[in-house]
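The values are calculated or read from the model by the stated rules, or taken from the named source; none is laboratory data. These figures come from a predicted structure and were not determined experimentally. Don't worry about glycine lacking a Cβ; one is built from the backbone with ideal geometry, like all the others, and counts go over all protein chains shown.
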Amino acid sequence: MMDNLTTLARPYAVAAFEYALSQDILMPWQLFLQKAAEMAKQKDILKWLTHPFITKSQLLGLFEELLQPYLINLQQNNFLKILAENKRLILFPAIANLFAELKAQHEKIVDVNIISAVPLQENYQQKIAASLTKRLQRQIELTYEVDPSLLGGAIIRAGDLVIDGSVRGKLNRLLDSL
């Protein structure tokens, strides 16, 4: 189901990104899409989005009213109208995620999550960041987590790249090979 939503959302996200990039207004568009995604995820609004008797114009009115502080131009309002007309307002979370990915690719930024068995010292974090920046040839935005169940080592996730240097991961690979 999620893959289907992503497939449906992609053309909208690409169109929004290309417009925002051409007008040099990526951040306002990202904020608008994030707020719309937050709205679309709310339980009460999700019920409206999936209710068969709620009209497109009622949904459009609701979104226009709640998103008014974030609508900076006519194109965002038109974007909202197109989504409402095509019964695609439910796609806002996927559109916002895809837009953020496109923006990160454009800005050559990659989110990296490091999960380690123990807290990492600051100088070690800096060495990892420098090494990943060099390897990925992108600006790195790091987040750190501690998961004692790894037993030792760490797992690094950067987009599709996963480096599992955890003791638990090594033990699982050893079990698989036996």
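In table form, for the structure just shown:
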{"read-out": "Matching residues, the range 62-120, being crowded, with 18+ Cβ neighbours inside 10 Å and hydroxyl-bearing (Ser, Thr, Tyr)", "value": "Ser116"}
{"read-out": "Odd one out for Ile155 among (1) outside the structural domain of Phe32 (by TED's automatic domain parsing); (2) among the aliphatic types (A, V, I, L, M); (3) without any contact (Cβ under 8 Å) to a residue 40 or more places away in the chain", "value": "(3)"}
{"read-out": "Test: residue in the range 49-61 that is under 28 Å from Glu141 (Cα atoms) and surrounded by fewer than 16 Cβ atoms within 10 Å (Cβ to Cβ)", "value": "no"}
{"read-out": "Pairs, first in the same structural domain as Pro28 (by TED's automatic domain parsing) and at pLDDT 85 or above in the range 97-115, second of a type in the set (Gly, Ala, Ser) and not in a strand (DSSP E or B), C-beta under 6 Å, six or more apart", "value": "Leu98/Ala9; Leu98/Ala13; Phe99/Ala13; Phe99/Ala16"}
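For (1) of a type outside the set (Lys, Arg); (2) touching an Asp or Glu at 6+ places or on another chain (Cβ under 9 Å); (3) at pLDDT below 85, each residue gets a yes or a no:
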residue: Gln137; (1), (2), (3): yes, no, yes
residue: Thr143; (1), (2), (3): yes, yes, no
residue: Val146; (1), (2), (3): yes, no, no
residue: Gly153; (1), (2), (3): yes, yes, yes
residue: Ile156; (1), (2), (3): yes, yes, no
residue: Asp164; (1), (2), (3): yes, no, yes
